[in-house]
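The values are calculated or read from the model by the stated rules, or taken from the named source; none is laboratory data. Note that the structure is predicted; figures quoted are calculated from it, not measured. Cβ placement follows ideal geometry from the backbone for every residue including glycine, while neighbour counts extend to all protein chains displayed.
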């Protein structure tokens with residue numbers, strides 16, 4: 001269960017570079033490389049330590065066309081994966 | 001022996017003539033080093049073994065040993081590259097085999113066992129117009145005038161697994177065999193490149209038992225692979241290298257190459273390479 005007050009932010013050990021629609025990340029702390037697709041990149045970029053997961057989901061809603069998918073659930077899952085990979089804290 | 005390897009001047013002293021001869025053979029295409037060495041080693045015979053010692057002064061720390069002159073030179077060469085390449089900052093060093101033709105370079109990139117060395121050798125055997133740049137270690141730099149990546153020759157011996165059958169025969173006077181490691185070294189001495197050329201094609205080979213196929217890579221995927229295959233990691237990448245890798249991935253066509261037979265693969269690679277604009 002995600003803490004509702006958690007405001008995710010990028011870890012300081014990362015270098016990032018946009019490559020077409022994707023985002024290339026190098027984690028100097030772990031010597032790992034990651035590639036985020038466009039959806040995960042947008043969520044990652046919004047993780048600046050000022051927004052909660054719910055607020056990030058609200059930002060995403062403004063960017064996408066309405067559909068039947070649950071944006072809040074998608075954002076929560078992506079944030080969980082980014083935290084698991086050590087890209088946000 | 002005193003040689004210039006990228007920005008390092010490497011000096012090796014030995015009192016074993018056979019070791020000295022093998023060092024000259026393995027490093028023959030590298031330019032002579034000038035000035036004070038930045039890396040110095042000594043190779044001595046002692047107690048039935050051959051030892052690599054750090055430094056060339058009075059106090060020498062033993063690093064490792066081998067059972068024959070060829071084994072110790074092979075171990076030394078491997079140690080040397082893995083020792084200093086991670087800290088190179090002025091160039092991107094990729095894990096790639098490289099050949100060139102018509103002023104354009106073709107990079108075969110991948111981890112050990114992907115077929116870089118075999119395909120590099122097959123391309124050299126297939127067409128006499130290909131020049132040999134490197135097996136495994138490929139230094140790239142950005143040309144500010146052209147805004148393109150260039151690869152420099154790094155002509156180390158090609159390493160081929162002895163148990164992999166070759167569909168061609170290599171000249172015996174250019175090969176050395178190290179049976180205890182099942183490695184055949186091939187030095188294509190007539191084909192060594194002497195000047196840098198721009199990178200025109202990047203292939204990421206994977207052996208596949210049933211097909212020969214090129215799969216175009218997304219630019220992001222190519223950038224991911226390139227970052228994984230860089231020898232010089234943290235300092236280079238955090239110091240702006242990631243941006244240059246991204247640029248390389250975006251500018252140069254990249255393919256995954258699934259291959260099953262080296263000569264057929266070399267034929268298809270040459271066709272693709274020559275068809276580039």
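Summary table
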quantity: Answer from B:128, B:162, B:196 - the residue that is touching a strand residue (DSSP E or B) at 6+ places or on another chain (Cβ under 8 Å) and exposed (fewer than 15 other Cβ atoms within 10 Å of the Cβ); calculated: B:162
quantity: Exclusive hit being in contact with a strand residue (DSSP E or B) (Cβ under 9 Å, 6 or more places away or on another chain), at pLDDT 95 or above and under 25 Å from residue B:10 (Cα atoms), set B:88, B:98, B:137; calculated: B:98
quantity: Test set (1) at pLDDT below 95; (2) outside any strand (DSSP E or B) - residue B:119 fails condition number; calculated: (1)
quantity: Residue match in the stretch B:204-219 (condition: within 14 Å of chain A (Cβ to nearest Cβ), farther than 18 Å from residue B:113 by Cβ, crowded, with 18+ Cβ neighbours inside 10 Å and at pLDDT 95 or above); calculated: yes
quantity: Residue in the stretch B:222-234 that is touching a residue at least 24 places away in the same chain (Cβ under 8 Å), touching a helix residue (DSSP H, G or I) at 6+ places or on another chain (Cβ under 9 Å), loosely packed, with under 15 Cβ neighbours inside 10 Å and not in a loop (DSSP other than H, G, I, E, B) present; calculated: no
quantity: Exclusive hit being assigned to a helix (DSSP H, G or I) and within 27 Å of residue B:143 (Cβ to Cβ), set B:180, B:243, B:200; calculated: B:243
quantity: The stretch A:33-85, residues that are in contact with a strand residue (DSSP E or B) (Cβ under 9 Å, 6 or more places away or on another chain) and assigned to a loop (DSSP other than H, G, I, E, B); calculated: A:37, A:47, A:49, A:50, A:85
quantity: Candidate set: the stretch B:220-236, residues that are under 19 Å from residue B:81 (Cα atoms) and within 7 Å of chain A (Cβ to nearest Cβ); chosen: the one modelled with the lowest pLDDT; calculated: B:233
quantity: Subset of the stretch A:6-22 (residues that are facing chain B (nearest Cβ under 8 Å) and either in a strand (DSSP E or B) or within 14 Å of residue A:83 (Cβ to Cβ) (or both)); calculated: A:15, A:16, A:17, A:18, A:19, A:22
quantity: Residue tally, condition out of contact with any helix residue (DSSP H, G or I) (no Cβ under 9 Å at 6 or more places or on another chain), surrounded by 10 or more Cβ atoms within 10 Å (Cβ to Cβ) and not in a strand (DSSP E or B), over the stretch B:32-58; calculated: 4
